[in-house]
Structure formats: structure tokens, C-alpha cells
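What follows is a short report on a single structure.
The values are calculated or read from the model by the stated rules, or taken from the named source; none is laboratory data. Because the structure is predicted, anything quoted here is derived from the model rather than measured. No Cβ is skipped: glycine too gets one built from the backbone with ideal geometry, and neighbour counts run over all protein chains shown.
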Amino acid sequence: MHCKSYEMSRRHFLGAGIAGMATLMGMNVRDLIAASNAATSDGRMADHVILLWMSGGMSHIDTFDPKPGRPTAGEFEPIRTSADGIDIAEIFPKVAEQMKHAALVRSIAGTEGDHGRARYNVMTGYKMTPQLIHPGIGSIVSNQVEAINELPSFVSIGGRASAAGYLGQKHDAYYIGRPGEPDPYMQLPEDLPHHAAEKRMDLLAQMNQQYTRRVDDEMLRDTQGAYAAAERFMASPALKAFDIDNEDPAVREAYGDTGFGRGCLLARRLVESGVRFVQVSLGGFDTHSNNFPAMRNLGETMDPAIASLIGDLNGSGLLKRTMVIVLSEFGRTPRVNGAAGRDHHPRVFSAMMAGGGVTPGTVIGASDEDGYEPRDQPVRIGDVHATVCKALGISPSKQLKTPLGRPMRIVDEGEAVEGLLTA
């Protein structure tokens, strides 16, 4: 059983908010190569972010905020972790070994109980309105932190990312539906030789040049920039980062033979190759019924993937500059319903964060004894965004301009969470 509002189509080739573009080569080139025009800010603690998005509303009590001995505890026992005094649910034995590198936020105070509205709020830091589409945090990073090479600055794996909104398509996510499978949009069609493709692109450039002599068209300039970026992307040696078959089989096995496991492995490879923001999505958390078997199965998928990701980043030294976030749109009710499930609960939920300036072995805030409300240090959604921005050297109060010239703060309201970052 799950919510109808949570149902969505997962198209392999195009994620929601991503525009495909028909080219003269006979293929779609997604206009998603982000070229940032913002200078690096001083004080940056992180160069990359990996957001592990638990889509559907992950139970805080059954993951990072166990309530042993309380009526709301459920079926899972807490287990000790490598961080002194921090216990998490038994479904995460491998993650428990990596907790010395991570922090928990147990007092996120949300306000939206609908999947779509809550997701929008957590992803953008703004409430949903009919007047304007606000950019998600990945698009903000794409816009505000300079790109390193020809690879996209923002990549979404296995699920749709929030749209770039008023920042425009060039800051949308490059979408990968099935990590490990060849992307048909990274190569020419088999029946189109390279020299023929070059001739078509030369012809297109001539036609565009003739047109721009007569008309100053911003949309055409953006399209030409997208073609040029796509060509650079297709020719880049950094494309090998997408081929996870190059990894040692033992490494692939450690992450787990699942879409999420392969996605986490690919995320690691992408940040190693310079991608600024990677989102990896895992669904199945809308557990209105049969919560505990569902969460145990999800734990079997999450545990090896998250633990291997943090462990590998730490082993290579990249964890210091890569912020890893495990987050969902809201939590689940402490009370178990008549269908052995937990319902939507935005009033308090949890996140796990590691690397990229995060103080390891830390717990921020607490929920009350049964997990219904924040008890200590409530953390607003905007505070989470402000924390990510601060780690990346982005001022949360900076104002960007919409196409109509309206100034918009990067973060609607919020301050970096006290004690969560090392400086």
C-alpha cells in the first residue's frame, strides 16, 4: 500500500524537469552541461556533494533515531556504532562501522505532509507556490560552484531531481536511469558515421550564423551553447567515469548488486572525476503497511552501498572534501497503524551526514522520547540548506535574479546548523 500522490513514471532516458533536444545527428542531446559563472567563495570546506535521497518518507525511528523500550520502538533493536554513544537501527551493521566518520541530525522539523510539497520543500528550501519554480540544491551548486571539466556539474542517478527552475535548463541534472548500462545519448547512432555527423553540425552552424546576423535570439544562443557543451562532453576522456564495469568485481560486490549500490559506486567515480553534485535515489519508503519487512529489505540495499561509499571516500582522502547526505522528504509516524505500517510524519525526522566539513561522531538535536516532536535544537529545512551552502562556500543570503529580474535568496530562511560543521 502506498500513496497515489507518490506514484511517478521513471523514464530511463529523461527525468522530470529535463528537456530532451532533437539534433541533426539523429539523437537527443540533453542540454545539461552546467558551466558555472560564479567564482569560488572563500571558506569552502567541501568541493562535492553526494545526496542519497530516500524517496517516499524514511522512518526515522527504524533508521537513525531508535527508541528502545518505548511503545513506538517497533521491531528493530538499536546497535552500537564506531562513534561513541551513537546507536542506530540493527538494519545498518556496516553503516554502524562507518559512523565514526559521520554525524546525525535527529531534530529536523518539517511542515509538509504531502509527498510532492514536502519533497519540493526539502529539495529547494522553499515552500511550493504557483508563481515560481525554485531551483533544487543541486542546481544551486551547479550555478554557484565552477565546473571542473566537461562532465556535468549535477548528475541524478535512479530518480528524478528537482528542476533548475528560474536558473534555466543548463543547471538541470544530467539524468542516468540505470547505472552501469550504456547511455545511448553518449554516442552517435550506429548508422551515422562520425564524418557525416560533423557535416551536419557544420551545416547547422552555418544556418544559425545566417539567422543570428538578422536576429539577436537568446534562446538560439543557449541552444548553440548546449550543442557545443554536448560535443565536448561526448569527446571527454572523463566519460570513462560512467563505466563502472572498470571497477574491480570485489568492489562492485561490496556496494551490492542493486540499482542503488551501482548508483553509489557511480557517484563515487563521478566525484573523483570532478562532478560537483550527485544525487542517488532509492524508493520504497512509503510504508503505510508492512513497514518492518519493507525496511529490513531496504536496509539490505542501503547498508552495503552507503558503508562502502563512505569507506572508499575516506580511504582515498576524498571524504574530507565530499559531503555525503542521507535524507528523505519526511519521517514516519511513531505510532504503528493497523496495517503494521507507519504513516507520514513531517514534524520531526532525521538525516545522516558525513565528510565535507561535517564534524564526525556528532549528534545534533533530539526528538522526544517517543519520536513525535523535536525536543532539543530543532533544525529547520532552511538550516539544512544553509549548512550545505556554508560548506561549499556559498552565502545562503546571496540573491539571484529570476528571468523577470526578481531577486531571490538562495536559502529562503535558515542558518548553518550549530555544531554540525567543523568551522
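Details
Per-residue answers, yes or no, for (1) buried (at least 17 other Cβ atoms within 10 Å of the Cβ); (2) within 15 Å of the chain's Cα centre (by Cα); (3) more than 30 Å from GLY341 (Cβ to Cβ):
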position: GLY263; (1), (2), (3): yes, yes, no
position: LEU266; (1), (2), (3): yes, yes, yes
position: PHE285; (1), (2), (3): yes, no, no
position: SER289; (1), (2), (3): no, no, no
position: MET295; (1), (2), (3): yes, no, no
position: GLU300; (1), (2), (3): no, no, no
position: ASP303; (1), (2), (3): yes, no, no
position: LEU313; (1), (2), (3): yes, no, yes
position: GLY317; (1), (2), (3): no, no, yes
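- Residues being under 26 Å from PRO135 (Cα atoms), touching a Lys or Arg at 6+ places or on another chain (Cβ under 8 Å) and not aliphatic (A, V, I, L, M) - total across the stretch 75-110: 2
- Highlighted here are the helices (runs of 4 or more DSSP H) found entirely within the stretch 155-259 that include at least 2 residues which are on the phi < 0 side of the Ramachandran plot and modelled with pLDDT under 85: 194-214, 218-235.
- Answer residue from the stretch 83-116, given it is under 19 Å from GLN377 (Cα atoms) and within 19 Å of the chain's Cα centre (by Cα) and is surrounded by the fewest Cβ atoms within 10 Å (Cβ to Cβ) among those: GLY110
- Flag if ASP65 is loosely packed, with under 15 Cβ neighbours inside 10 Å, in a loop (DSSP other than H, G, I, E, B), of a type in the set (Asp, Glu) and modelled with pLDDT of 95 or more: no
- Residue check for ALA340: in contact with a Phe, Trp or Tyr (Cβ under 8 Å, 6 or more places away or on another chain) and under 21 Å from MET54 (Cα atoms): yes
- Qualifying residue in the stretch 117-129 (condition: surrounded by fewer than 16 Cβ atoms within 10 Å (Cβ to Cβ) and farther than 30 Å from ASN291 by Cα): yes
- ALA254 passes every criterion in (1) touching a Pro at 6+ places or on another chain (Cβ under 9 Å); (2) surrounded by 21 or more Cβ atoms within 10 Å (Cβ to Cβ) apart from (2).
- The stretch 374-423 - residue that is aliphatic (A, V, I, L, M) and more than 22 Å from LEU319 (Cα to Cα) and, of those, modelled with the lowest pLDDT: LEU404
- When the residues of the stretch 25-62 are filtered to those that are small (Gly, Ala, Ser) and at pLDDT below 95, the one that is farthest from GLN144 (Cα to Cα) is GLY26.
- From the options GLY116, GLY158, residue that is over 22 Å from LEU266 (Cβ atoms) and of a type in the set (Gly, Ala, Ser): GLY116
- Of all residues making up the stretch 111-135, the number that are of a type in the set (Gly, Ala, Ser) and within 17 Å of THR387 (Cα to Cα): 1
- First in the stretch 296-319 and free of Cβ contacts under 8 Å to residues at least 60 places away in the same chain and within 18 Å of PHE92 (Cα to Cα), second anywhere and polar (S, T, N, Q) and surrounded by fewer than 22 Cβ atoms within 10 Å (Cβ to Cβ), Cβ under 7 Å, 6 or more apart: THR301/THR258
- Any hit, the stretch 132-144, residues being touching a residue at least 40 places away in the same chain (Cβ under 8 Å), more than 18 Å from LEU52 (Cβ to Cβ) and not in a helix (DSSP H, G or I): yes
- All conditions in (1) within 22 Å of ASP368 (Cα to Cα); (2) at pLDDT below 95; (3) among the aliphatic types (A, V, I, L, M) hold for VAL105, with the sole exception of (2).
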